[in-house]
Amino acid sequence: MEKKFRDKYTYAENKSSTMVNLLTGEKKVQYEETIYIIRIVELPDPITNISAEYEKTYTSVRYTPSDDRATRRLLSQRIREYFSNEIEFFLPEYSVGNRWLLKSLTNLDKLITITGIYESDKYGTEVITFDIEMVGTITSRGEAIPNHYWINKNMDVRTGTVLSEETIYKSTIVYSRMTNVTLKKLIKYETHSHDL
């Protein structure tokens, strides 16, 4: 699955967000189900050091409880961003059990562990599985906000395309504790000539 101009990747994503007021114990839960398409609109150019770009559009959005305003906002968005290779930890060789720590300028350090490498018949490529833990404190409006992420990610070794991902995010802001759980999966890959 090499990236080509106009290639399209369709993802299904489910997210649950739980907010707990630590003073009152009140809990609010929201579920979000989306389907979106990432389309390659610019290929990388190693001569000028320009990254590939993609355009992201939502085709289906559902909130529970319903949120018409948020639904309309997502469906009307057309996001254009750089398509960074998700395998950001280039090593000369990968093997199960490799671990390393990446320090970050944003104060969110990453501990990465390779937990699997296998051939996928479904995607027709070699897949690498990472467990990533990110821990740190971000300062926003004068408040120190602790952040903790656990991420399990399956990626195409050759292209760095995310095939599936599960993310658990926890944070405490003043008197509120937030927990988000997100599941993302590639459900369709299309080239300009054929579908896989």
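The values are calculated or read from the model by the stated rules, or taken from the named source; none is laboratory data. Fair warning: this is a prediction, and the values are worked out from it, not measured in the lab. Cβ placement follows ideal geometry from the backbone for every residue including glycine, while neighbour counts extend to all protein chains displayed. Accessible surface is based on the protein model in full, side chains and every heavy atom, while ligands, DNA and RNA are left aside. Shrake-Rupley method; radii C 1.70, N 1.55, O 1.52, S 1.80 Å.
For the reader, a short list of remarks on this structure follows.
- A 1.4 Å probe run over the chain, with the rest of the protein chains in place, finds 62 Å² accessible per residue.
- Phi angles of the range 18-35 translate, via the Karplus equation with coefficients 6.51, -1.76, 1.60 and θ = phi - 60°, into HN-Hα couplings of 10, 10, 10, 7, 6, 8, 9, x, 5, 10, 10, 10, 10, 10, 9, 10, 9, 10 Hz per residue; Gly and Pro are given as x.
- Selection from ILE40, LEU22, ALA144 lying farthest towards where the dipole of the chain points positive, charges on Cβ: LEU22
- Annotation: LEU186 carries an accessible surface of approximately 10 Å², with a 1.4 Å probe and no ligand, DNA or RNA atoms counted.
- Per-pair calculated FRET efficiency, R0 = 35 Å: ILE117 and GLN30 via Cβ, rounded to 0.05: 0.45
- For TYR11, neighbours were defined as the other residues whose beta-carbon sits under 11 Å from its Cβ, and their charges (Lys and Arg +1, Asp and Glu -1) total +3.
- Taking a straight line from the alpha carbon of LYS103, these aspartates and glutamates sit under 20 Å away, with near neighbours fewer than eight places off in the same chain left out: GLU86, GLU88, ASP131, GLU133.
- Calculated over the chain: convex hull of Cα atoms, volume per residue (Å³): 158
- Residue ranges 136-146, 28-38 sort as 28-38, 136-146 when ordered by packing (mean number of other C-beta atoms within 10 Å per residue, highest first).
- Rounded to whole Hz, the Karplus (6.51, -1.76, 1.60) HN-Hα couplings of the range 140-151, x for glycine and proline: 9, 6, x, 9, 7, 10, x, 10, 9, 10, 10, 10
- Between the amide H of GLU53 and those of VAL41, GLU42, LEU43, PHE83, distances stay under 5 Å, these residues lying 5 or more places away or on another chain, with hydrogens modeled in the peptide plane.
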